[in-house]
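Enquirer: First the structure, which I've put down as structure tokens, then a few questions once you've had a look.
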Amino acid sequence: MTQLGSNVCEHVKRIRKVVSRRLRKHNIDELDAETITTGGDYLTKIWKLIFSCPVGIAIISENLSLRTIGNIFYELGLMNSYGKETIVIKTPNVEIPSDLKRTEYIVAENRYSRRIDSFLKNLMDRSEYYETVANQLEAGDPVQAIDYLRRAYLITGEERLKREAERIFNSRGGEIDRQSEFFVRDFIGV
């Protein structure tokens, strides 16, 4: 999540290159709203991208317009509301909004690529944690358990997590409400 288009500021270009290298190192695909063309509504495309990816990296600079920064924080909020992992990478002179002052972020200075690596490595550990939580929740809250399996799946891409979610779903029969059933069926593909 950052400024896109042809007039991207130099700060963002530099940070983006570092992020791209770190993602490749960790074998993580990178995508943004410009990498996919749907021919449909642009905001719907962004929503679908947010819903389908496991992690969001917001890149902000003091050279971005307030409108662009507003869009970035809106997308960040959507990702957080869907339980996605997020991190903000900012240039040193950017002020973080007061609502995010306690949220950990990365300042793009002094070998910050190490902090990006640390964040990405921590994602893999978190996927294991999500699977453990899912196992503990299965009996009492199957929808929540399936959501944690979805989060782990989005990070790792391991099909066995989808199969486990499907097993939980099928074992609960009619105990899952219709709205949750839609969410679960969307994830497991039935």
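Enquirer: Filter segment 1-24 down to the residues that are under 11 Å from residue 113 (Cα atoms), surrounded by 21 or more Cβ atoms within 10 Å (Cβ to Cβ) and out of contact with any Asp or Glu (no Cβ under 8 Å at 6 or more places or on another chain) and list them by number.
Expert: Listed by number, the list holds a single entry, 15.
Enquirer: Related question: From 80, 93, 27, 63, which residue is polar (S, T, N, Q), part of a loop (DSSP other than H, G, I, E, B) and closer than 19 Å to residue 125 by Cα?
Expert: It is 27.
Enquirer: For segment 86-102, which residues satisfy the criterion of being farther than 21 Å from residue 45 by Cβ and at pLDDT 85 or above?
Expert: 87, 88, 89, 90, 91, 92, 93, 94
Enquirer: If you don't mind, there's one more thing I want to ask. Tally the residues that are under 11 Å from residue 154 (Cβ atoms) and without any contact (Cβ under 8 Å) to a residue 40 or more places away in the chain, restricting the search to segment 53-83.
Expert: Residues that pass the stated criteria total 1.
Enquirer: Among the numbered criteria (1) in contact with a helix residue (DSSP H, G or I) (Cβ under 7 Å, 6 or more places away or on another chain); (2) closer than 24 Å to residue 109 by Cα, which single criterion is violated by residue 79?
Expert: Checking residue 79 against (1) in contact with a helix residue (DSSP H, G or I) (Cβ under 7 Å, 6 or more places away or on another chain); (2) closer than 24 Å to residue 109 by Cα, the one that fails is (2).
Enquirer: Has segment 66-73 got any residue that is under 18 Å from residue 4 (Cα atoms) and within 10 Å of the chain's Cα centre (by Cα)?
Expert: No, because not a single residue in segment 66-73 is under 18 Å from residue 4 (Cα atoms) and within 10 Å of the chain's Cα centre (by Cα).
Enquirer: Looking at segment 160-190 only, could you name the residues that are part of a helix (DSSP H, G or I), over 22 Å from the mean Cα position of the chain (by Cα) and at pLDDT below 85?
Expert: Passing the criteria: 169, 170, 171, 172, 173, 174, 175, 178, 179, 181.
Enquirer: With 156, 91, 86 as the choices, which residue is outside the structural domain of residue 23 (by TED's automatic domain parsing) and surrounded by 12 or more Cβ atoms within 10 Å (Cβ to Cβ)?
Expert: After applying the criteria, what remains is 156.
The values are calculated or read from the model by the stated rules, or taken from the named source; none is laboratory data. Everything numeric here is computed off the predicted structure, so don't read it as measured data. All Cβ positions, even for glycine, are placed from backbone atoms using ideal geometry, and neighbour counts span all protein chains on display.
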